[in-house]
Amino acid sequence: MSEFTEAMAFRHACKKFDIEKQIPQEEFDALLEVARMSPSSFGMEPWRLIVVRKPALRKALKSACWNQNQITECSELVVFTTDNDTVRSGTPYVRKMFERRGLPQDAVDTYMGVYKNYLEPIECDEVLLENWTAKQCYIAMSNMMTYAATLKIDSCPIEGFDKESVEAILDLEYGHSVAVICAFGYRVNPQSEQKRLELKQIVQYR
């Protein structure tokens with residue numbers, strides 16, 4: 001198998017982390033860089049990552065995350081948040097993200113128009129906007145988890161949490177919301193056998 005397919009076979013939702021084993025800072029920095037380099041819709045990079053290391057803060061988060069042990073036992077805990085108001089159509093942030101491509105002003109204006117036409121039906125509903133920005137976070141998280149597996153670092157994506165409680169504990173700014181949480185570290189128990197549908201069950205050719 002290639003290194004990538006080996007990583008896919010290695011990766012699983014690790015439920016029990018070795019509390020004595022920490023990810024080297026250099027390797028964790030590389031994981032964060034993978035998130036930074038990940039693609040996003042229109043290149044807006046709506047994600048903002050919070051690395052939670054303080055034991056007291058993790059303990060508080062655990063109670064808001066269905067008391068899952070991964071929250072306090074993992075080596076690194078990454079909370080993916082979204083900056084929803086910043087990516088609304090017409091904001092200076094959006095224009096800056098298009099201008100950084102070095103395009104002529106008329107091309108930037110064209111992109112701003114295309115973006116507005118796409119986003120207006122979404123941003124009129126806060127839930128739709130949060131769903132759209134959260135999708136981008138999942139791309140970054142998925143890339144982090146797969147790259148982590150190439151380094152033999154385990155991970156566990158966590159969606160089981162009380163969103164409002166987590167946001168209150170982290171004291172997020174207005175307009176920011178929690179999309180998903182991911183724990184990284186090293187497994188204690190052997191990996192269970194992967195169960196997946198056959199390719200023919202999930203793929204159609206038309």
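The values are calculated or read from the model by the stated rules, or taken from the named source; none is laboratory data. The shown structure was predicted, so the numbers you read here are calculated from the model rather than taken from an experiment. Here the Cβ positions follow ideal geometry from the backbone for every residue, glycine too, while neighbour counts run over all protein chains shown.
Candidates in segment 173-188 are the residues that are at pLDDT below 95 and either aliphatic (A, V, I, L, M) or in a loop (DSSP other than H, G, I, E, B) (or both); of these, the one that is nearest to THR72 (Cα to Cα) is GLU173.
Among residues of segment 65-119 being of a type in the set (A, V, I, L, M) and exposed (fewer than 14 other Cβ atoms within 10 Å of the Cβ), the one that is nearest to CYS156 (Cα to Cα) is VAL114. A Cβ distance below 7 Å, combined with a sequence gap of six or more or placement on separate chains, defines the contacts here; from segment 125-139, residues that are assigned to a helix (DSSP H, G or I) reach residues that are charged (D, E, K, R) in the pairs LEU129/GLU123.
Results for (1) surrounded by 18 or more Cβ atoms within 10 Å (Cβ to Cβ); (2) in contact (Cβ under 8 Å) with a residue 24 or more places away in the chain, shown as yes or no for each residue.
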{"site": "GLU123", "(1), (2)": "yes, yes"}
{"site": "ALA183", "(1), (2)": "yes, yes"}
{"site": "GLN191", "(1), (2)": "no, yes"}
{"site": "LEU197", "(1), (2)": "no, no"}
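One residue stands out in segment 159-175 among those that are among the hydrophobic types (A, V, I, L, M, F, W, C) and touching a Leu at 6+ places or on another chain (Cβ under 9 Å): the one that is nearest to ILE50 (Cα to Cα), namely LEU170.
The lone criterion from (1) modelled with pLDDT under 95; (2) closer than 16 Å to ASN143 by Cβ left unmet by ASP83 is number (2).
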